[in-house]
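Here is the structure we will look at, set down as structure tokens.
Each value in this text was obtained by applying a stated rule to the coordinates, not by laboratory testing. Predicted model only: the values in this text are computed from it and were never measured. FYI the Cβ positions are ideal-geometry reconstructions off the backbone, even for glycines, and counts take in every protein chain you see.
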Amino acid sequence: MTAPNNQTGRLSPQSTLQQRFIIVEQIGRGGMGAVYLATDTRLGNRRVAIKEMSQTHLNTQELAEATARFQREAHMLAALAHPNLPRIYDSFSEQGRSYLVMDYIEGKTLHAILKEYNGQPIPVAQVLSYAHQLCDVLSYLHQQQPPIIFRDIKPTNVMVTNNGHIFLIDFGIARLFKEGQVQDTILLGSPGYAPPEQHGLTQTSPRSDLYALGATLHYCLTGRDPYHAKDHFNFPSARQSNPQVPQELDQLIQRMVAYDERDRPANALEVLQTLRNISQQAGEYTSTIINPASMAPTSYIAPQTNPRTPAVQPTTATAAPHLPTEPMQRTSSHLPTNKSALAPIWTGGFITTFSLVLILTIASSIGAFNFICPSAQPLEAIFSFLLLGITIVAAIGAQGMVARSLLLLTGVTTLISSFALSVETTPAFTRAEGFTINPTSCQIQLMPDLALYNTLLTIGLVASGLLSLYWLTRPTTSANRLILLVAFGVALLCGIAQAFLSEAVIIDSTLKHLLLITALIALIQGMLLVSRMAHSQSVGLTYAPS
């Protein structure tokens, strides 16, 4: 091989390692080592990243510790297989230096992306995409036996490709979780991102990674770097500086960065499910997702094949230390930006369905009022069962305990209305004890039992309208919120107004049925929109694993 430069310790372009890897250029460096872009001549000149352990300014003990960390990283990564982790091809030692060969990921660190935003927050949908992927890989690591704790999640250790795919890099201080251990033997981590227990208070656990992830997400959503904060353990509400952050996401992050680890989510799977619920509700909270203006190559490249097993197992006993904690620096040509739209609610199909249901219900109502007053009751019963069906569908698709519970309760109140209208519509009930009609004067004699069912109808209708107002508090566009306000407001007012009208007078009876049908149509249209919101797809960047 070509020896490294004696003054800088850097490998020169065209240097050769293991008579196999040809160095192209240095693409990153930090206090603990350097990263080189190289080609693997044995695998069709595949581009790979080679991490080199730096021996500069290290005494004998420090060198031994750094070498142990690097060796642990090599062995750990070689045994892992996940789309959001770089794949290890080889590790070796040559001329007193240790090297690790892995995937070359073309992109830039999350830290570099945040710098491009110049203190401004990254769009919420984009952050949710990053969070989903990071939670997924953390869940994978934490489910290993024994669990692997990364212990250094921060923007400089998160790589983002040009299509928004995340890679978690630099396992230099990751450790295996030892059950029952009171305290970590060494203090490692980055100020602002490392939880209190990582500063020597207690042993780190999978919840320690959730703290660091919460700190990273907080930085993305606010532009406030916790590293420079006066109090590294204080995280103000993200909504204070960024009103676009959904309240549920703000609350989740506050739980993740709780000082006491017992107050944090139980595991990464819980966080991932909560993020999915938030994305489901945030279908139109933001209008577009725009990636950073450019994505320049930095330190690694995504694998070109799906299998995640190492192509070549580590070959030497001596590995090297963990890599730089500072952001990798590189200037290069820009890659094209990526733009992905959110899952829209008002698609062509939904507009057609919404309009068709509105036209059909209004048209059938106009037809019903061409007959005598009681003929509207069968139509009202049909409308109530249609509303019940839509409510059930919305409840099935809803995410979150509160939303699902309120929809199920709305279904119960709608069922009460449907039952009351069905009984009033039954011919046997009408003839036997419900009411009698004078064909000449159209005067109706109301029986006591029918008055009871009218009361049940009113209670069910008004309760449905009140419960449905909850959806005005959900994250959505102003236009959707206005539609919901009009629909459920009209339903509530009509439901209350019809209760003061009597069936005994033909004029009041006609107006009563008109108000009932109006309330039911308004509830149907509003619940259609609620159902669509509940079934809207999760928000995030579309990305394809390399």
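Of note:
- Between Gln244 and Leu485, the distance separating the two model label sites (each 7 Å from Cα on the Cα→Cβ line) works out to 2.3 nm.
- Spin-label pair Arg42/Ser355, simplified geometry with 7 Å Cα→Cβ offset, distance in nm: 6.5
- Per-residue packing, averaged as other Cβ atoms within 10 Å, sorts the ranges 485-492, 162-169, 525-532 into the order 525-532, 162-169, 485-492, beginning with the highest.
- 3J(HN,Hα) along the stretch 114-129, derived from phi through the Karplus expression 6.51 cos²θ - 1.76 cosθ + 1.60 where θ = phi - 60°, amounts to 4, 5, 5, 7, 6, x, 8, x, 7, x, 4, 4, 5, 5, 4, 4 Hz, with x in place of Gly and Pro.
- In plain terms, the chain from Ser478 to Arg10 could stretch by 162.8 nm, reckoned as 0.36 nm per residue minus the Cα-Cα distance.
- Percentage relative contact order, the stretch 16-103, counting C-alpha pairs under 8 Å, at least six apart: 23
- Sites Gln19 and Arg262, calculated FRET efficiency, Cβ-Cβ separation with R0 60 Å, nearest 0.05: 0.65
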